[in-house]
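K.L.:
Have a look at this one before I ask anything.
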Amino acid sequence: MRPSYVVLLATLAALAGCGWFPRKPLLPEIFPEERRPARELAQSLAGRSADFKSLRAIAQVNYSDADGRHSFKEVVLVSRPDRLRLETLYILGALLIVTVSDGEMASFHTREGVFYRGKSSRENLYRYTQIQLGVGEMSAVLMGLPPVAPAGEWKNEGPSIARDLGGGWKEAVTFHPSEALPIRWLRFNPEGAVELSAEFTDFTNTPAGLFPQKILLEAPAQKKRLEISYQEPEINVALAPALFVQTKPANAREVALDANGG
């Protein structure tokens, strides 16, 4: 684990405590025999992807891995497809601010006074989320959307639609039993094991449609679990592009994110 990430988790544990909550699925696991055609469900995914454009919310985040469990508050701003702002909070304000926009990623560790800057790559985002998703994929998941391209050769598999990604990789999306609402996404590796999954629960009505207030991301092989619980999420709000860009504070030391690891 990279040094700055270890420092961040240790600080979060000290400031926010190590609370953790049991998983409580909202929807039943028993599905009817007949399902909608794969093409219809893929069209529903495309419609939701077009309808959900931006998000502003405060979230309770619970993270666990082989090293332990941590809980903290997070300000989440998303402007799809590729703009993010994540602020990890503690009692005195923001502990860490991460922004992604126009191919650049920046992070400011306020207590350390260190400002990191680099490209908005999957690798750099992983340093802070610990989940192997690219910026566009993470933006989709944070807005309750499976990180998939709806177009493609989808086929029905029980309660899900699935497709091959090439090289033995595969992904599947499971839907609510009574409507075309995605509730789970799975990515399988060439060995057939689940590499990543996302579960969407606790849906609430919004002008754009039903939105999940709870999102659970898991990487089983790494024993990583990231649970996000939104508080009064605002959907499709106007977010100025400047919110997703940071400039180095005058008293901060700047480090190249790609070289140091952030």
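The values are calculated or read from the model by the stated rules, or taken from the named source; none is laboratory data. Model, not experiment: these values are computed from the prediction. With ideal geometry, Cβ positions are generated from the backbone for all residues, glycine too; neighbour counts draw on all protein chains shown. Quick note on the areas: whole protein, heavy atoms, side chains included, nothing else; ligands and nucleic acids left out. Shrake-Rupley method; radii C 1.70, N 1.55, O 1.52, S 1.80 Å.
K.L.:
VAL100 - would you say it is under 17 Å from the mean Cα position of the chain (by Cα), closer than 22 Å to LYS248 by Cβ, modelled with pLDDT of 95 or more and surrounded by fewer than 19 Cβ atoms within 10 Å (Cβ to Cβ)?
P.N.:
no
K.L.:
Now, a different point. Restricting to the stretch 142-169, count the residues that are of a type outside the set (A, V, I, L, M), open to solvent by less than 20 Å² (accessible area, probe 1.4 Å) and within 12 Å of ARG36 (Cα to Cα).
P.N.:
Total satisfying the criteria: 1.
K.L.:
Looking at the stretch 212-258 only, could you name the residues that are surrounded by fewer than 13 Cβ atoms within 10 Å (Cβ to Cβ), in contact (Cβ under 8 Å) with a residue 40 or more places away in the chain and not charged (D, E, K, R)?
P.N.:
GLN231, ALA238, PRO241, PRO249, ASN251, ALA256
K.L.:
Within the stretch 184-211, which residues are outside any strand (DSSP E or B) and open to solvent by 30 Å² or more (accessible area, probe 1.4 Å)?
P.N.:
Correct list: PRO190, GLU191, GLY192, ALA193, PRO207.
K.L.:
Name the residues in the stretch 45-72 that are open to solvent by 30 Å² or more (accessible area, probe 1.4 Å), in contact with a strand residue (DSSP E or B) (Cβ under 8 Å, 6 or more places away or on another chain) and either within 26 Å of PRO182 (Cα to Cα) or hydrophobic (A, V, I, L, M, F, W, C) (or both), would you?
P.N.:
ASP51, LYS53, ARG56, ILE58, GLN60, listed by residue number.
K.L.:
Quick test for you: out of LEU243, LEU217, pick the one residue that is of a type outside the set (S, T, N, Q) and touching a helix residue (DSSP H, G or I) at 6+ places or on another chain (Cβ under 7 Å).
P.N.:
LEU217
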